[in-house]
Amino acid sequence: MRILGHKVSVTAQIGIAIVAINIFVAVFAPLIAPFDQATPVGDAWADPDAQHWLGLDNLGRDIVSRLIYGARMSIGLSLVITALSFVIGVISGFAAAVAGGWVDQVLSRIVDLLLSMPTLIFAFVILSVLGTALPVLIITIAVLDSTKVFRLARSVAMNIVSLEFVEAARLRGEGWWWIVTREVLPNAIPPLTAEFGLRFCFTFLFIAALSFLGLGVQPPNADWGSMVRDYRDMINFGSAAPLYPAAAIATLTIGVNFIVDWMLAIHSRGQGEGA
Amino acid sequence: MSERTMGASRSRDDSVILDVRGMRVAVRTDAGDGPVLVDDVSLQLRRGEVIGLIGESGAGKSTIGLASMGYTRRDCHIVGGNIIFGDADVRAISLDERRALRGPKIAYIAQSAAASFNPAHTLMEQVCEASVRHGVLSAAEARAEAISLFKQLDLPSPETIGSRYPHQVSGGQLQRVMAAMAMVAKPDILIFDEPTTALDVTTQVECLAAFRKLIREHGTAALYITHDLAVVAQIADRIMVLKRGKMVEFGDSRQILLQPKEEYTRRLVSERVAGHNFVDANVAAQVPILAIEHVTANYPGKPKVIDDVNLEVRKGDTVAVVGESGSGKSTLARVVTGLLPRAAGDVRFNGVSLPPRLNDRNKDQLRRVQMIYQMPDVALNPQHTLLETIGRPVAFYFNRSREEVRARVGELLRQMDLPETFITRKTSELSGGQKQRVSIARALAAEPDLIICDEVTSALDQLVGEEILRLLKKLQNELGVAYLFITHDLGTVKRIANKVAVMLKGKVVAGGDTAAVFAPPYHPYTQLLLSSVPEMRPDWLDEVLAARATGQATTAALLRAP
């Protein structure tokens with residue numbers, strides 16, 4: 001199997017399969033899920049049977065259906081947040097690298113300030129004060145996350161800006177928008193793509209953690225993190241219920257990491273000793 | 001595979017220390033088989049003999065050097081032939097046995113000493129490390145041996161230089177320390193991989209002399225890899241000429257230099273000996289377009305890099321600025337382009353003073369001065385097509401429509417002798433020489449009056465560089481564009497420039513018509529530079545060293561002078 005002329009390793013193939021299944025399930029959740037995520041369909045903690053493969057949960061809702069809708073919420077939310085953090089981080093990071101001087105100083109110090117605060121605690125404060133509506137959740141995490149994207153985008157762009165083709169563009173009299181979008185961005189795509197995968201994983205785990213603590217996705221929406229929280233006591237009664245959403249979180253994280261590892265390996269092979 | 005091949009060794013001449021027969025190295029990746037890098041190369045290296053491997057980039061000379069140690073770069077594999085070192089076939093022995101060879105028996109000296117030393121350890125630690133690790137010498141013995149080698153290599157204060165860190169010595173000194181590192185364990189074979197290529201000419205002479213002395217005194221056999229025939233002529237007993245992984249010619253050094261049998265060797269030799277003279281003093285009109293007047297510049301918070309420099313370029317003329325690294329010649333180019341604002345003096349273009357800062361210049365001022373860089377790999381955006389690269393200045397400066405831009409790019413490609421079908425290719429898909437042609441096309445697309453050429457041929461192979469020079473001259477005749485040539489290569493200067501300015505420590509020490517500057521009476525520094533350019537005669541180095549011993553100038557002495 002080859003993608004864009006690169007051989008796909010076995011682990012990457014597994015990763016791609018995992019991610020593809022998850023995305024398919026997330027996109028077509030209403031069509032796939034046998035029951036609604038929020039409607040009780042039987043007794044609480046009913047055992048699995050032919051209709052309810054993993055049984056029912058604390059309110060009598062179908063666990064399989066909630067896992068499927070949970071994929072939609074967890075993956076969709078993480079994607080939106082990661083994308084937003086990349087828009088903020090990449091634009092400001094490139095601007096800092098290309099403009100340099102005081103622009104770089106101001107942006108970098110703001111980022112230092114944000115990075116100096118523990119992310120989870122900071123998110124707690126914001127979400128407790130402003131409430132846990134989805135837009136607040138998205139913007140808070142995206143802004144916090146964009147500081148890490150900024151760091152990477154700035155250093156990648158710094159390396160590119162020092163190359164002579166950027167100097168040639170400057171000598172031609174090009175403005176900074178041309179330099180950022182036409183000279184720097186196309187050459188920064190490979191490292192940024194890999195970083196996107198990694199940041200997606202972190203965001204995804206971060207949301208799961210927030211939901212587990214009750215500050216993330218709110219009921220009645222299903223989300224893997226909050227499902228682990230809702231079902232966690234059942235482990236004491238010999239039920240595997242909390243393990244299903246936990247396994248879903250772990251599987252997707254590993255899958256994405258497999259792909260990222262493969263992409264980083266391709267990227268690093270291009271450098272080093274060329275013959 | 002671990003069985004030693006003893007049989008072959010008995011029939012061989014005892015004095016042969018490295019016997020390479022039918023070596024083939026090819027690229028093998030999980031994506032399939034790649035090109036063959038070295039194809040059926042054989043050589044017998046005797047004790048105390050130096051064989052020069054010469055060829056342009058891609059000739060496989062470094063690959064042969066590494067493969068002789070049983071080592072290949074990533075994804076490359078030795079796929080055929082025998083490499084018999086002493087009694088053992090390097091290909092047949094185990095990894096551990098191979099490791100035991102490297103260092104004590106066969107050692108490697110790389111092109112960039114700066115990249116080969118660990119900046120966090122002292123020189124002495126690194127020089128002694130391998131032989132102590134291999135158990136060849138005790139720490140104290142290795143130390144004593146290193147100091148004695150530092151002496152033999154003419155390094156300053158040999159007793160204490162070992163306690164310095166790599167950044168505390170000069171490039172030429174570091175290269176010699178690396179030779180000492182290779183020699184500490186007294187190997188039977190040294191492999192030199194372009195050890196002087198990154199050095200200035202005057203430093204190169206010192207290193208060459210030190211290497212040759214070392215090899216002769218210790219009777220060590222060596223493979224000397226370089227692209228410069230004149231360099232290898234000074235040190236090698238026999239020379240092997242390589243082209244695209246195949247042996248072209250192999251023979252005695254004098255025979256290769258004086259009576260080359262193959263056409264390819266003849267071309268290599270003749271380019272160095274004669275070089276076509278492009279200089280045509282009548283082309284230039286009497287109109288000065290660029291006048292640099294009493295210019296001084298420095299980087300923020302640093303001392304002056306150029307100091308009171310005067311220079312004039314006339315319409316359609318070629319002026320060269322020569323000097324060694326650190327002489328300020330590239331800084332001068334940055335001042336003219338406005339990348340580094342001048343601190344004092346004036347830069348006038350067509351009679352009008354140019355604003356010091358790039359951002360204060362108008363579009364027309366920017367258009368009229370263009371630049372071509374040393375490294376075409378980084379001077380062109382690898383993600384852009386030729387149409388985008390060459391077409392951008394056309395669209396940017398002249399506001400042309402899409403069709404007009406395309407037509408103009410096609411015309412420029414024809415002028416560069418590049419196929420018009422290349423227009424949709426990405427610049428990263430081209431060879432070094434082709435990339436440099438695209439750089440020239442991009443500069444010409446702006447229809448400039450002056451092009452600054454910053455070491456435009458030094459990253460290219462000799463024959464390719466020659467073609468680029470010829471192309472630049474042809475374009476000058478057709479378009480009347482003036483060139484400001486920044487270079488360290490005196491051969492290039494003599495061939496292309498009508499006027500020359502010799503720079504030393506930020507000042508122009510000699511200037512005027514090329515013919516006058518390069519004829520007696522010389523400025524002492526000009527003479528030092530001229531005498532340091534290797535000539536295609538095996539006796540050249542001896543003559544230069546003899547002349548210097550009788551008290552002629554060295555860079556160090558000149559730099560000390562007020």
Strands (runs of 3 or more DSSP E) contained entirely in the stretch B:295-373, each with at least 2 residues that are of a type in the set (K, R) and within 14 Å of chain A (Cβ to nearest Cβ):
none
Condition check: more than 13 Å from every other protein chain (Cβ to nearest Cβ), more than 30 Å from A:L130 (Cβ to Cβ) and buried (at least 22 other Cβ atoms within 10 Å of the Cβ). Does A:V156 satisfy that?
yes
Scan the stretch A:171-180 for residues that are more than 7 Å from every other protein chain (Cβ to nearest Cβ) and surrounded by 20 or more Cβ atoms within 10 Å (Cβ to Cβ) and jot them down.
A:I179, A:V180
Restricting the stretch A:29-64 to residues that are polar (S, T, N, Q) and touching a residue at least 40 places away in the same chain (Cβ under 8 Å), which is surrounded by the most Cβ atoms within 10 Å (Cβ to Cβ)?
A:Q37
Would you confirm, using the coordinates I've provided, whether B:T160 is farther than 21 Å from B:H488 by Cβ, free of Cβ contacts under 8 Å to residues at least 40 places away in the same chain and hydroxyl-bearing (S, T, Y)?
yes
May I ask you to list the residues in the stretch B:376-396 that are more than 7 Å from every other protein chain (Cβ to nearest Cβ) and polar (S, T, N, Q)?
B:T385, B:T389
Can you find a residue that is closer than 30 Å to A:A194 by Cβ and in a loop (DSSP other than H, G, I, E, B) anywhere in the stretch A:23-40?
yes
Residue check: is B:V201 buried (at least 24 other Cβ atoms within 10 Å of the Cβ) and in contact (Cβ under 8 Å) with a residue 60 or more places away in the chain?
no
How many residues are more than 21 Å from B:A209 (Cα to Cα), touching a strand residue (DSSP E or B) at 6+ places or on another chain (Cβ under 8 Å) and either buried (at least 22 other Cβ atoms within 10 Å of the Cβ) or of a type in the set (A, V, I, L, M, F, W, C) (or both) if we restrict to the stretch B:229-262?
8
So which residues in the stretch B:452-467 are modelled with pLDDT under 90, buried (at least 16 other Cβ atoms within 10 Å of the Cβ) and more than 13 Å from chain A (Cβ to nearest Cβ), if there are any at all?
B:T457, B:L460, B:D461, B:Q462, B:V464, B:G465, B:E466, B:E467
Can we say B:V508 is part of a strand (DSSP E or B), modelled with pLDDT of 90 or more, buried (at least 20 other Cβ atoms within 10 Å of the Cβ) and in contact with a helix residue (DSSP H, G or I) (Cβ under 8 Å, 6 or more places away or on another chain)?
no
If you take the residues in the stretch B:433-451 that are in a helix (DSSP H, G or I), small (G, A, S) and farther than 13 Å from B:L386 by Cβ, which one is modelled with the lowest pLDDT?
B:G433
Write out, first by first residue and then by second, each pair whose Cβ atoms fall under 6 Å of each other, whose residues are 6+ apart or on separate chains, and whose first residue, in the stretch A:181-210, is within 14 Å of chain B (Cβ to nearest Cβ) and in contact (Cβ under 8 Å) with a residue 60 or more places away in the chain while the second is in a helix (DSSP H, G or I) and surrounded by fewer than 18 Cβ atoms within 10 Å (Cβ to Cβ).
A:P190/A:H267
Are there any helices (runs of 4 or more DSSP H) wholly within the stretch B:118-231 with 1 or more residues that are among the hydroxyl-bearing types (S, T, Y), and if so which?
B:123-133, B:139-152, B:201-218
Of the conditions (1) touching a His at 6+ places or on another chain (Cβ under 9 Å); (2) without any contact (Cβ under 8 Å) to a residue 12 or more places away in the chain, B:K474 fails just one. Which one is it?
(1)
Which one of the conditions (1) crowded, with 24+ Cβ neighbours inside 10 Å; (2) under 30 Å from B:M503 (Cα atoms) does B:A180 fail to meet, given that it meets all the rest?
(2)
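The values are calculated or read from the model by the stated rules, or taken from the named source; none is laboratory data. Remember, predicted model here, so these are calculated numbers, not experimental data. Backbone-built Cβ (ideal geometry, glycine too); neighbour counts: all protein chains shown.
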